[in-house]
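Engineer: Here it is, the structure, as structure tokens.
The values are calculated or read from the model by the stated rules, or taken from the named source; none is laboratory data. Bear in mind the structure is a predicted one, so any value in this text is a computation, not a measurement. Methodologically, a virtual Cβ is constructed for each residue, glycine included, from the backbone with ideal geometry; neighbour enumeration extends over all protein chains shown. Protein only, heavy atoms only, side chains kept; ligands, DNA and RNA dropped before computing areas. Shrake-Rupley method; radii C 1.70, N 1.55, O 1.52, S 1.80 Å.
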Amino acid sequence: MGHQTSRSSISIRNLPHLFLCMVFITTGPFKCFASYSRATELLYTVNEGLPEGVLIGNIKADLQLGLSVDSPLSFSLVSKGISGQYVSLNNSTGELYTSAHELDREAQCQESLGMQDCLLLLDIIILPQEYFRFVKVKIVIRDVNDNAPQFPVSQITVSVPENAQVNTRLAIEHPAFDPDVGINGVQTYRLGDYFGVFTLDVEENESGERTPYVIVMGPLDRETKPEYVTRIIAEDGGNPPLLGSATLLIHISDINDNCPLFSESQINVTLYGNSTLGTTVAIVQAEDKDLGSNAQITYTFSERVPQSTRDLFNLDEITGIIKLSNTIDGNTIRLHKLTVLANGPGCIPAVITIQVSVIKVIFRPPEVVPRYIANEVEGIVYLKESEPVSSPIAFFTVKDPDEKNKVDCFLEGDGPFRLSPYKPYTNEYLLETTKPLDYEMQQSYEISVVAWSTHGFHVKTYVKVQVLDDNDNSPIFIQPVVELSIEENNAPNVFLAKLYATDADSGARGEVSYFLGPDAPSYFSLDKITGVLTVSTRLDREEKEKYRFTVKAKDNGSPPRDSIATVILTILDKNDNSPRFINKDFSFFVPENFPGLGEIGVISVTDADTGKNGWVALSVINGSDIFVIDTGKGLLRAKVSLDREQQSSYVLWVEAVDGGDPALSSTAKITILLLDVNDNPPLVLFPQSNMSYLLVLPSTLPGSPITEVYAVDKDTGMNAVIAYSIIGRRGPRPESFRIDSKTGNITLEEALMRHDYGLYRLLVKVSDHGYPEPLYSTVMVNLFVNDTVSNESYIESLLRKEPEINIEEREPQIAMEPTQQRVESASCMPLLVALSVISLGCIILTTILGICFCLKKDTKHHRQNENLEVQMPLNGKIDLHILERKPMAISNI
């Protein structure tokens, strides 16, 4: 057997070689295996994405091998490579199923995504050798629409000139791609907004690729709308179709379709003959709506402007400023007409005319000579805002060139400045400040010093004062006290607030940095640049409800200035604390017969949450028909009076539920122990009836036990300690019998004689030692002294007669032996005190033992369904019929 197994394993290992050998045999002279050695192909088609266990095909059934083969066939995959992991082959039935590896056409056939066919190739061998067959299985993975079209970029930009003709086509260089094939691939494109000037067309080439084209359908004007932004949407042909989109930006490029234009055609200018060189005569400015080089404008004089005028006036070809470039004298023409051309690329020049009238001046205007004290650069005076009041700016010397006219000098313009004569000189004026300068209020002033002669000639000297900023402003918080709130149990690094402070200073002096104060806890963070306040840890309201700390805003001036704000962060409560009882277990000791709705005790419970989340409602889960609890005060009450003999203890479960949403709760165990009260007299269990009797033989020896009285008490402790005594006797010699006060055993005291025969009736008192008043019961013990009972009816007639019994008032003694000596009362006082102390200790010990007894789960079973003898009134006459009562069941306490 071992050799055969080895050969089998070798043959399986060499199956590919065996197959080649079989093919060779079939083509050679050995034709006996031809019917079973031929290769076969099977073709199956499945959808991609099928779950595990979907049947692909049954090779045995599809090759119809079931009818022609008697022995069982074995099917196995020749190679379990990449293709084999997607299928599961049943070796005995030939059933081919999908495996746990999901078939994904796009992943399986990445190199042929654009092709329709995606094949999974399997080689399967059928054994045993007499039925050998090599089967090639081709599984066509059919595409499903599980991929949406995607654009390679999120934004596509196309550019079109504004003079593009209608039907101009613009190709989208980044078409959408869909891994699916056929109808599931990209089928069409559309725009989110066509703007009334575009449409979209799709062209398909010979390989099936679709390219979208934007087509211009209307006139474009860059000056009106420079660009169009919309969404281009690609849609496949699946059911339902899937969409993909990208932003399409259509940029309208500029062409030189606008020329320079002047806003007016002529400017009239008056020029005094005494004007100095460089005086600005006029400024011309044209506008071209194009962009860049298409909007470049140059200004030139027209060829019609004579050379003499060109020599007198200078035109800046870039700025369009016309200045006086030569001296006006008596020979200068009084009227000049300057024709200026605005030239643009490829445009007809725009034309404007400047008519300059030169007024001859007989008297020369006054001269103003400034001498600056403050820092001056190119006519601009720089003053720090920290300069004091009356800071000097400049001296102005006013001269009359003809030295014949009076010249007045004054200041024009708004600002904290004054121009006053500088005495004792007559032609000197001092310009100075009148108020402190404030850069934050106004950064610059433009004033002019005007010199006016008596002939009406005046000269203006313009002065521009630039105020320099100083670090004179501290950062100012928008809120000096920032009150924030956040719920407790926040996520770490949570955003609290963005603090913001402004600084009116400029430059680095106005840049503000933020810092936490020294009183801020370490787990708060404040971004130095942005002022974002965060907390890195989880806050617990029960640990701390409110945080108060300072933050500082500091500028970058020299020296720096800062300001302080206070942050008050209030932690809002979440219901994250369950109600908590002061104790897990509560125990209350209550005397039985406690009045209904009396206060048993207080259940104390707290909740660390606040508000509604900290409001606690108490309820009794079990025993709600007996006990109630006051939700507000936690007082536990019993609806009815409680009887220890019915139930000695109660175990309650109290639930505390808070007012949160969702509510949280907790429970506590309440044990109520009932303390015994002497409310039950002893129950006589034997003898069972006052009419029963016992035969006592005369030969009974003295000291012999005759019978016993047996009783129980439902109470506990001293309330259940029973004493027996004979309080009434009747018979021939009634003193012949005595009873043990502790055990209730009745014994014969003296020997019985012949004359002692007859019926003895003993009235036994059974008493407890309860406090404050002991309770008792009585029972009649009937003893018939005789040799035999020959006539029962006679005895029963005697029992039915009402006996005349005298009641003995002597109480039974339990613990103390009778004493023979009389002791004086004075000498008994120490003994009585000692006995009182001992008795009090016994009562306390008994009470504790009773409590322990009540807590025990295993209680003793008492006798049930015993007759209960009722109390007999202690009078001289006893009605025996009264002693007959119905038995009372004694429950197990």
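Engineer: Looking at Ser665 and the list (1) under 36 Å from the mean Cα position of the chain (by Cα); (2) of a type in the set (S, T, N, Q); (3) under 30 Å from Gly717 (Cβ atoms), which single condition is not satisfied?
Structural biologist: In the conditions (1) under 36 Å from the mean Cα position of the chain (by Cα); (2) of a type in the set (S, T, N, Q); (3) under 30 Å from Gly717 (Cβ atoms), Ser665 misses (3) alone.
Engineer: Assess whether Ala663 counts as being in the same structural domain as Thr606 (by the TED database) and open to solvent by less than 20 Å² (accessible area, probe 1.4 Å).
Structural biologist: no
Engineer: So in the range 415-438, with the set limited to residues that are at pLDDT below 90 and aromatic (Phe, Trp, Tyr), which one is surrounded by the fewest Cβ atoms within 10 Å (Cβ to Cβ)?
Structural biologist: Looking at residues that are at pLDDT below 90 and aromatic (Phe, Trp, Tyr), I get Tyr425.
Engineer: How many residues, within the range 317-328, are touching a residue at least 24 places away in the same chain (Cβ under 8 Å) and surrounded by fewer than 18 Cβ atoms within 10 Å (Cβ to Cβ)?
Structural biologist: 6
Engineer: Right, another one. When the residues of the range 272-316 are narrowed to those that are in a helix (DSSP H, G or I) and open to solvent by 40 Å² or more (accessible area, probe 1.4 Å), which ends up nearest to Cys347 (Cα to Cα)?
Structural biologist: Taking the candidates together, the pick is Ser293.
Engineer: Still on this model: Among the strands (runs of 3 or more DSSP E) lying completely within the range 148-200, list those that include at least 2 residues that are in the same structural domain as Thr230 (by the TED database) and acidic (Asp, Glu).
Structural biologist: Once the strands (runs of 3 or more DSSP E) in the range 148-200 are filtered for at least 2 residues that are in the same structural domain as Thr230 (by the TED database) and acidic (Asp, Glu), nothing remains.
Engineer: Same structure again: List every residue pair whose Cβ atoms sit under 7 Å apart, with the two residues 6 or more apart in sequence or on different chains, where the first one lies in the range 175-196 and is farther than 17 Å from Ser245 by Cβ and of a type in the set (Gly, Ala, Ser) and the second, anywhere, is open to solvent by less than 20 Å² (accessible area, probe 1.4 Å) and modelled with pLDDT of 90 or more.
Structural biologist: Qualifying pairs under 7 Å: Gly196/Gly218.
Engineer: Another question about this same structure. Here is a list of conditions, (1) surrounded by 18 or more Cβ atoms within 10 Å (Cβ to Cβ); (2) modelled with pLDDT of 90 or more; (3) part of a strand (DSSP E or B), and Ser474 meets all of them except one; can you say which number that is?
Structural biologist: The number of the failed condition is (3).
Engineer: State which residue is modelled with the lowest pLDDT when the search covers only the range 743-802 and only residues that are closer than 30 Å to Asn678 by Cβ and surrounded by fewer than 12 Cβ atoms within 10 Å (Cβ to Cβ).
Structural biologist: Pro772
Engineer: Cβ-Cβ below 9 Å, separation at least six or inter-chain, first residue in the range 543-559 and more than 21 Å from Lys574 (Cβ to Cβ), second surrounded by fewer than 18 Cβ atoms within 10 Å (Cβ to Cβ) and among the aromatic types (Phe, Trp, Tyr): which pairs?
Structural biologist: These pairs meet every condition: Val551/Phe515; Lys552/Phe515; Ala553/Tyr500; Ala553/Phe515; Lys554/Phe515.
Engineer: For the range 547-580, which positions are of a type outside the set (A, V, I, L, M), open to solvent by 50 Å² or more (accessible area, probe 1.4 Å) and either farther than 30 Å from Asp609 by Cα or at pLDDT below 95 (or both)?
Structural biologist: Lys552, Lys554, Asn556, Ser558, Pro559, Pro560, Arg561, Asp562, Lys574, Asp576, Ser578, Arg580
Engineer: Being out of contact with any Pro (no Cβ under 6 Å at 6 or more places or on another chain), at pLDDT below 90 and either under 23 Å from Ile318 (Cβ atoms) or among the charged types (D, E, K, R) (or both) narrows it down to one residue among Glu227, Glu287; which is it?
Structural biologist: On inspection, the qualifying residue turns out to be Glu287.
Engineer: Sticking with this structure for a sec: Taking interchain pairs and intrachain pairs at least six residues apart, which have beta carbon atoms under 8 angstrom, with the first residue in the range 383-396 and within 15 Å of Tyr425 (Cβ to Cβ) and the second of a type in the set (Val, Ile, Thr) and surrounded by 17 or more Cβ atoms within 10 Å (Cβ to Cβ)?
Structural biologist: Ala394/Val381; Ala394/Val463; Phe396/Val368; Phe396/Val449; Phe396/Thr461
Engineer: Further question on the same structure: Anything in the range 636-659 that is crowded, with 16+ Cβ neighbours inside 10 Å, hydrophobic (A, V, I, L, M, F, W, C) and more than 22 Å from Val677 (Cβ to Cβ)? List them, or say none.
Structural biologist: Val654, Ala656, Val657
So that you can scan it fast, the table gives a plain yes or no per residue for (1) closer than 30 Å to Val216 by Cβ; (2) open to solvent by less than 40 Å² (accessible area, probe 1.4 Å):
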residue	(1), (2)
Leu121	no, no
Arg133	no, yes
Val137	no, yes
Val140	no, yes
Gln150	yes, no
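Engineer: Continuing with this model, one more query. Output the number of the condition that Trp452 fails; it satisfies all remaining conditions of (1) within 30 Å of Val369 (Cβ to Cβ); (2) touching a Leu at 6+ places or on another chain (Cβ under 6 Å); (3) open to solvent by 70 Å² or more (accessible area, probe 1.4 Å).
Structural biologist: The single condition Trp452 does not satisfy is (2).
Engineer: Sticking with this one: When the range 693-740 is examined, which residues are found to be in contact (Cβ under 8 Å) with a residue 60 or more places away in the chain, farther than 16 Å from Ser777 by Cα, part of a strand (DSSP E or B) and open to solvent by less than 50 Å² (accessible area, probe 1.4 Å)?
Structural biologist: The answer is Val696, Ile706, Thr707.
Engineer: Further question on the same structure: Of the conditions (1) among the hydrophobic types (A, V, I, L, M, F, W, C); (2) closer than 22 Å to Val449 by Cα; (3) open to solvent by 70 Å² or more (accessible area, probe 1.4 Å), Val398 satisfies every one except a single condition; which number is it?
Structural biologist: The one condition Val398 does not meet is (3).
Engineer: Taking the range 354-382 as the region of interest, how many residues are surrounded by fewer than 16 Cβ atoms within 10 Å (Cβ to Cβ), assigned to a strand (DSSP E or B) and touching a residue at least 40 places away in the same chain (Cβ under 8 Å)?
Structural biologist: Qualifying residue count, the range 354-382: 6.
Engineer: Hey, does the range 683-692 have a residue that's assigned to a loop (DSSP other than H, G, I, E, B), surrounded by fewer than 21 Cβ atoms within 10 Å (Cβ to Cβ) and in contact with a helix residue (DSSP H, G or I) (Cβ under 9 Å, 6 or more places away or on another chain)?
Structural biologist: Checked against the condition, which is being assigned to a loop (DSSP other than H, G, I, E, B), surrounded by fewer than 21 Cβ atoms within 10 Å (Cβ to Cβ) and in contact with a helix residue (DSSP H, G or I) (Cβ under 9 Å, 6 or more places away or on another chain), the range 683-692 yields at least one hit.
Engineer: Let me ask something else. Within the range 260-267, identify whether any single residue is closer than 30 Å to Asp178 by Cα, open to solvent by 20 Å² or more (accessible area, probe 1.4 Å) and either among the aliphatic types (A, V, I, L, M) or touching a Phe, Trp or Tyr at 6+ places or on another chain (Cβ under 7 Å) (or both), and answer yes or no.
Structural biologist: Scanning the range 260-267 turns up no residue that is closer than 30 Å to Asp178 by Cα, open to solvent by 20 Å² or more (accessible area, probe 1.4 Å) and either among the aliphatic types (A, V, I, L, M) or touching a Phe, Trp or Tyr at 6+ places or on another chain (Cβ under 7 Å) (or both).
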